[in-house]
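Reviewing the structure listed below.
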Amino acid sequence: MLTKIKSAIEKYAMIKKGETVCCALSGGADSTALLIALNTLSGELDFSLTAVHINHLLRGDESFRDEDFCRELCKGLEIPLTVFQKDAAAFSHSLGMSVETGAREMRYKTFGELPADKICTAHNSNDNAETLIFRIARGTGLKGLTGIPPVRGKVIRPLLFCSREEILNFLADSKQDFVTDSTNFSDDYARNKIRHGIIPSMTDICGGFPNNTSKLILSLTEDEDFLSNAAAEKKNSDLRGLHPALKKRAVIIHLKEQGIEVNSQYIEIIEEILERDGKADFGKLTAYAKNGILTFYPNKSEEDIVPQIINEEGEYPFTSDKIVIISKVNGEKMNKGQIINKNSTTDLLDYDKIKGSIVLRNRLRADRIKLAGREHTKELRKLLQEKLPECERKYSAVLADETGLIWSEHFGIAERVKPDENSGNLLKIEIKNKQNN
């Protein structure tokens, strides 16, 4: 078992030298074996070991029996232990969750607050098999079939490729006792029904069932990683022609990036608007699809854009979530070739070519601009129609002098204020969005 644990740590880069690793210790067989194994490997792998025990206050005297066991175990091994007593039932009720789900949420919330580089939990291959069966029963996709990940953030699971039988044999060989949660014998919980009924039946059919399940999960994980990476590469392109497996994953990536709940209903809504170039309201955000490309914009209450005279450098609030930053740059100290290049002048213009006062405002219907490097003058209205959904066009910033537009937020500077070899004073324009800077 030690060899498997060490192999998992190395394969998934779970622990770096010098890190502090905290073992989540319940006192049960799995976590007790994990603590002893980590204590054995800590010198060889050069990490510091601590432990944490959370008393959920759910089983009366038995809960305090487990706490006392963990204190004595860590004292004997000279491993620093932190103990929390938390009312899991009250916490779960406050969130409207089952006690089983709420207790898990509470544990991981507590783990995230611990001063440790890594948190070790004692999930093993039997747990992974139980998770797989539970998700199949509930209905899941390929992602759900990848089971419990070996690493998620600072949480690591070195026991994940060891079976419960191997764990019990390890404890017997070590002559180490442990405590047993009496609720483990009850079939009131779905996982216990799987543990006591389905897993033994599957093991009778194939003796290596838990470990074989781990192999299956590893294979499915590789497939899921490949598909997800391929979807990430395509997510900003035309999604309509993608294979359904890639399209759905690309939509999921978009939803996650926008902080929108991922569920089958929302995925179907996005797939529908992709096919018809439509839009869908998601509360604070609206999703827009055009030519198969998906974009999201915040839903703003109607804001009046008040024109502002730009007299000096500074930050000029434009809308509730957008700031235009104006600064002057000495062009003589910059590389002239870089300045003149049309791809580098979208936010730098020749200050001395500006006619009269500068005004920051939103676009007007009659606005026209000949962009730097372009041959023809274009109506800004038409340019914005090609670039932005209708709800965002009003909030697109422009700068104008007494002759007309000199800069547009989404398209850059006008040809007539483009810097040249003789430019000395430059004006730099930047946009800061309060949501993503």
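The values are calculated or read from the model by the stated rules, or taken from the named source; none is laboratory data. Everything quoted here is computed from the prediction, not taken from an experiment. Ideal geometry is used to build each Cβ from the backbone, glycine not excepted, and the neighbour counts take in all protein chains shown.
All conditions in (1) buried (at least 19 other Cβ atoms within 10 Å of the Cβ); (2) touching a helix residue (DSSP H, G or I) at 6+ places or on another chain (Cβ under 9 Å); (3) in a helix (DSSP H, G or I) hold for Leu383, with the sole exception of (2).
Residue-by-condition table, conditions (1) touching a helix residue (DSSP H, G or I) at 6+ places or on another chain (Cβ under 6 Å); (2) surrounded by fewer than 17 Cβ atoms within 10 Å (Cβ to Cβ); (3) of a type in the set (Val, Ile, Thr):
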| site | (1), (2), (3) |
| --- | --- |
| Ala231 | yes, no, no |
| Lys235 | yes, no, no |
| Gly241 | no, yes, no |
| Pro244 | no, yes, no |
| Ala250 | yes, no, no |
| Gly259 | no, yes, no |
| Ile270 | yes, no, yes |
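The condition (being touching a Lys or Arg at 6+ places or on another chain (Cβ under 6 Å) and touching a residue at least 40 places away in the same chain (Cβ under 8 Å)) is satisfied by just one residue among Ile198, Ile156, Ile194, Ile167: Ile156.
When segment 365-408 is filtered for residues that are of a type in the set (Asp, Glu) and either in contact with a Gly (Cβ under 7 Å, 6 or more places away or on another chain) or modelled with pLDDT of 90 or more (or both), the ones remaining, listed by number, are Asp367, Glu379, Asp401, Glu402.
Please determine whether any residue of segment 187-198 is surrounded by fewer than 14 Cβ atoms within 10 Å (Cβ to Cβ), more than 30 Å from Glu67 (Cβ to Cβ) and hydrophobic (A, V, I, L, M, F, W, C). Among the residues of segment 187-198, not one is surrounded by fewer than 14 Cβ atoms within 10 Å (Cβ to Cβ), more than 30 Å from Glu67 (Cβ to Cβ) and hydrophobic (A, V, I, L, M, F, W, C), which makes the answer no. Checked against the criteria, Asp304 does not count as surrounded by fewer than 16 Cβ atoms within 10 Å (Cβ to Cβ), in contact with a strand residue (DSSP E or B) (Cβ under 8 Å, 6 or more places away or on another chain) and at pLDDT below 85. May I ask you to list the residues in segment 386-403 that are closer than 14 Å to Arg361 by Cβ and buried (at least 17 other Cβ atoms within 10 Å of the Cβ)? Within segment 386-403, Arg393, Tyr395, Ser396, Ala397, Val398, Leu399, Ala400, Asp401 qualify. Taking the criterion of being loosely packed, with under 14 Cβ neighbours inside 10 Å and assigned to a loop (DSSP other than H, G, I, E, B), the residues of segment 417-431 that qualify are Asp420, Glu421, Asn422, Gly424.
Out of curiosity, is Pro298 without any contact (Cβ under 8 Å) to a residue 12 or more places away in the chain and surrounded by 12 or more Cβ atoms within 10 Å (Cβ to Cβ)? It is false that Pro298 is without any contact (Cβ under 8 Å) to a residue 12 or more places away in the chain and surrounded by 12 or more Cβ atoms within 10 Å (Cβ to Cβ). The set of residues from segment 285-296 being of a type outside the set (A, V, I, L, M) and either assigned to a loop (DSSP other than H, G, I, E, B) or out of contact with any Leu (no Cβ under 7 Å at 6 or more places or on another chain) (or both) comprises Thr286, Tyr288, Lys290, Asn291, Gly292, Thr295.
Which residue out of Asn341, Asn425, Asn362 is at pLDDT below 85 and not charged (D, E, K, R)? So the residue among Asn341, Asn425, Asn362 that is at pLDDT below 85 and not charged (D, E, K, R) is Asn341. In segment 307-318 there is at least one residue that is among the small types (Gly, Ala, Ser), modelled with pLDDT of 90 or more and closer than 28 Å to Asp350 by Cα.
For segment 1-118, the helices (runs of 4 or more DSSP H) that sit wholly inside it and include 3 or more residues that are buried (at least 19 other Cβ atoms within 10 Å of the Cβ) are 2-11, 29-45, 61-77, 99-112. Of the residues that make up segment 423-430, is at least one closer than 22 Å to Gln258 by Cα, in contact with a Lys or Arg (Cβ under 8 Å, 6 or more places away or on another chain) and among the basic types (Lys, Arg)? No, because not a single residue in segment 423-430 is closer than 22 Å to Gln258 by Cα, in contact with a Lys or Arg (Cβ under 8 Å, 6 or more places away or on another chain) and among the basic types (Lys, Arg).
Among the residues of this structure, Gly141 counts as one that is surrounded by fewer than 19 Cβ atoms within 10 Å (Cβ to Cβ), among the small types (Gly, Ala, Ser) and outside any helix (DSSP H, G or I). Screening segment 45-65 for residues that are acidic (Asp, Glu) and modelled with pLDDT under 95 and picking the one that is farthest from Ala29 (Cα to Cα) gives Asp61. Residues considered: Glu272, Glu315. Of these, the only one that is part of a strand (DSSP E or B) and either free of Cβ contacts under 8 Å to residues at least 12 places away in the same chain or more than 23 Å from the chain's Cα centre (by Cα) (or both) is Glu315.
Among the helices (runs of 4 or more DSSP H) confined to segment 173-250, the ones with at least 2 residues that are charged (D, E, K, R) and modelled with pLDDT of 90 or more are located at 209-234.
For segment 72-87, residues that are of a type in the set (Val, Ile, Thr) and touching a helix residue (DSSP H, G or I) at 6+ places or on another chain (Cβ under 7 Å) total 2.
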